[in-house]
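Only one structure is covered here, and it is reproduced in the block below.
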Amino acid sequence: MEFLRPATWEDALAAKAAHPGALPIQGGTDVMVEINFDARRPEALLDLTRVGELAAWDEDGGTLRVGAGVPYARLIRELGDRLPGLAQASRTVGSPQIRNRGTVGGNLGAASPAGDAHPPLLAGGAVIEVESAARGVRPVPAEEFYLGVKRSALEPDELIRAFRVRPASGPQYFSKVGTRNAMVIAVCSFAVALHPDERRVGTGFGSAAATPRRAREAEEFAAAGLDWDGRGPLRESAARAFGELVARAAAPIDDVRGTADYRRHALAVMARRTLTWAWNDHRAGIEGREAS
């Protein structure tokens, strides 16, 4: 197996163009496990750890641009106040050692339906920035990035450079069902994001279909029914209907981690709870602003 270690982004793109079968590696928390168990044997490894710009983030024009090599631990520490849903998901990823090495870019590259970063990226309306030496930068909305089980919209000569997302304008929550809170592959997961400035609700769920998905009908139902200017609580009937619509959007299977019926039930419960928590936070924010 050939080992490629470019020092610059331009060199990385050139190496990927010359070796389309090369497997990118940053934290290696998924890739090395597959290689160690002989589940994968790529023709070459493309080590991106020396490409400094992948480990940087900035804010431009009200949008955060986060490099594909920023690890989960830094997302929690440096961006937790601006991307709370993604930070919550990041806290459930593996152990502290894994969070120090693993990256959202790696999660995207693996494109597993169970990846923890996918639901908050979908709920937040993230755009994935991919690039090739031949065609330059190509923005891919998160909902168009996932094509199938461990299949993404990446072309053979493309690499993930960053993701772009607006800082949270309202409450965000992430919830995950597993045998424990962390160091576990999700039986299913769900994220919700309130966008009060747009009077819109974003959703994303994982491990309950061939790809991570949004629950569009549930989003439209919630956005139309919420009293964005008022202080009224979320009606229990509305929360339950929202959860049922989320469950309806799923297409789960039975596997060793859970049954399809259980996944639908769990999604409905997580959706109901997270929307209620987010709405209560939104109401509290309105009351706090009025009191001040």
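Overview of values
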{"quantity": "GNM top mover of G115, G105, G230 - the chain, alpha-carbon springs below 10 Å", "calculated": "G230"}
{"quantity": "Ordering of 201-207, 247-253 by burial proxy (mean other Cβ atoms within 10 Å per residue, highest first)", "calculated": "201-207, 247-253"}
{"quantity": "Segment 115-204: trypsin sites (Lys or Arg not before Pro) in DSSP coil with no more than 11 other Cβ atoms inside 10 Å", "calculated": "R135, R180"}
{"quantity": "Nearest-ten-degree value, helix 260-291 long axis tilted from longest Cα axis of the chain", "calculated": "70 degrees"}
{"quantity": "Percent accessible area from carbon and sulfur atoms, the chain, protein chains only, probe 1.4 Å", "calculated": "50 percent"}
{"quantity": "Principal-axis tilt of helix 9-18 within the chain, Cα atoms, nearest 10 degrees", "calculated": "70 degrees"}
{"quantity": "Fluctuation leader among N100, N36, N280 - the chain, Gaussian network, Cα springs under 10 angstrom", "calculated": "N36"}
{"quantity": "Ordering of 187-197, 42-52, 165-175 by packing [mean C-beta count within 10 Å, highest first]", "calculated": "187-197, 165-175, 42-52"}
{"quantity": "Crossing angle, helix 236-249 versus the chain [Cα axis fit, 0-90 degrees, rounded to tens]", "calculated": "30 degrees"}
{"quantity": "Highest-MSF residue in the chain out of A238, A153, A39 [GNM, Cα springs under 10 Å]", "calculated": "A39"}
{"quantity": "Rounded accessible area of W277 (nearest 10 Å², 1.4 Å probe)", "calculated": "110 Å²"}
{"quantity": "Solvent-accessible area per residue for segment 143-186 (1.4 angstrom probe, square angstrom)", "calculated": "52 Å²"}
{"quantity": "Per residue accessible area of segment 1-118, 1.4 Å probe, in Å²", "calculated": "44 Å²"}
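The values are calculated or read from the model by the stated rules, or taken from the named source; none is laboratory data. Just so it is clear, the structure is predicted and the values come from calculations on it, not from any experiment. We place every Cβ from the backbone using ideal geometry, glycine too, and count neighbours over all the protein chains shown. Side chains included, ligands, DNA and RNA excluded: accessible areas come from the protein's heavy atoms. Shrake-Rupley method; radii C 1.70, N 1.55, O 1.52, S 1.80 Å.
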